[in-house]
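Trainee: Would you mind keeping the following structure in view while I ask a few things?
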Amino acid sequence: MNNVKYFQLRLKKHSEKKILTISKKILRICKNNNVKLIINDLPQIAQKTKADGCHIGQKDASFIEAKKILKSKIIGVTCHGSKKLVAEAIKNKVSYIALGSFFKSKLKPEAKRSRLEIIKWTKKKTKIPLVAIGGINNKNYRRLLKQGVNFIAISSFIWNNPSSNEFEALKSLNYENKL
């Protein structure tokens with residue numbers, strides 16, 4: 001099973017020096033498995049690491065700043081459930097648009113919930129790939145795929161799952177025969 005296409009390194013509580021060191025190690029693993037590495041928040045680390053791109057949240061560096069640093073690399077942005085932010089992302093020609101949180105999230109419990117309708121609305125406006133975020137697990141991801149998102153971003157279900165280890169969690173997401 002190789003449904004993982006992108007790996008986003010999201011380390012909020014580490015120094016940039018530590019993130020750079022970790023990024024270089026993760027990049028080797030990603031390259032060996034034909035997975036693209038996306039660095040969260042820090043376009044300068046993505047550049048130094050030679051990662052495939054960067055993800056920008058609304059409270060992080062601007063897309064314009066990231067574009068100056070990363071040129072033609074992947075740059076995705078979080079738009080939550082905001083049509084205004086989606087329109088801005090489309091205008092900026094981002095690489096992908098992250099929408100959500102669609103479900104209650106352990107990683108970001110305070111995150112505002114997005115309605116599923118934002119997926120269909122965004123798909124009518126653009127061909128830019130859509131990534132669903134927020135509280136996604138093996139019980140709810142199919143609903144998002146059926147709505148038309150191109151990718152799902154999963155964190156807590158894999159890394160902080162009290163009922164299974166990372167490999168078991170990933171196996172439970174093998175959707176090819178379940179749709």
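All of the numbers you see were taken from the coordinates with simple rules; none came from a lab. Please read these numbers as outputs of a predicted model, since none were measured by experiment. Quick reminder, even Gly has a Cβ in these numbers, built from the backbone with ideal geometry, and neighbours come from all protein chains shown.
Trainee: Over the alpha carbons of region 33-76, what is the largest minus smallest coordinate on each principal axis, giving the biggest first in Å?
Mentor: Principal-axis extents of the Cα atoms in region 33-76, largest first: 31, 17, 14 Å.
Trainee: Under 10 Å from the Cβ of SER82, count the other residues' Cβ atoms, weight Lys and Arg +1, Asp and Glu -1, and hand me the total.
Mentor: Its environment carries a net charge of +2.
Trainee: Over region 6-171, what per residue volume does the convex hull of the Cα atoms give, in whole Å³? It would help to have the intermediate numbers written out before the result.
Mentor: Working: hull volume 20.1 nm³, N = 166.
In region 6-171, the Cα convex hull volume per residue is 121 Å³.
Trainee: While we're looking at this one, here's another question. Report, in deg cm²/dmol and to the nearest 500, the calculated mean residue ellipticity at 222 nm for the chain, where each DSSP H run with n ≥ 4 adds -39500 (n - 2.57) and the sum is divided by the residue count.
Mentor: Numbers: 8 runs with 68 residues, N = 179.
Mean residue ellipticity at 222 nm (helix-derived): -10500 deg cm²/dmol.
Trainee: Do any of LYS59/LYS112; LYS73/LYS127; LYS36/LYS123; LYS31/LYS71 go past 22 Å between their Cα atoms, and which?
Mentor: Violating the 22 Å limit, Cα to Cα: LYS36/LYS123.
Trainee: What translational diffusion coefficient, to the nearest whole µm²/s, does region 1-87 have by Stokes-Einstein, given a Kirkwood radius computed over alpha-carbon pairs, a temperature of 10 °C and 1.306 mPa s viscosity?
Mentor: 119
Trainee: In the chain, with Lys and Arg counted as +1 and Asp and Glu as -1 at Cβ, which of these residues, ASN3, ALA132, SER172, has the Cα nearest the positive end of the dipole, that is, farthest along it?
Mentor: Towards the positive end, the residue furthest out is ALA132.
Trainee: Please go through region 107-179 and write out the GluC sites (Glu not before Pro) that DSSP classes as loop and that have at most 15 other C-beta atoms within 10 Å.
Mentor: Here the GluC sites (Glu not before Pro) that fit, given the DSSP loop and packing criteria, are GLU110, GLU176.
Trainee: Right, next: Once you keep just the Cα pairs under 8 angstrom separated by 6 or more residues, what percentage relative contact order results for the chain? Walk me through the numbers before you get to the answer.
Mentor: Values: 298 pairs, mean separation 23.6, N = 179.
Computed value for the chain: 13 percent relative contact order.
Trainee: Still on this model: Based on the inverse mean of 1/r over its pairs of different Cα atoms, what is the Kirkwood hydrodynamic radius of region 100-175, in Å?
Mentor: Its Kirkwood hydrodynamic radius stands at 12.9 Å.
Trainee: I need to check one value: relative contact order of region 1-97, counting alpha carbon pairs closer than 8 Å and at least 6 residues apart, in percent.
Mentor: Dividing the mean separation by the residue count of region 1-97 yields 20 percent.
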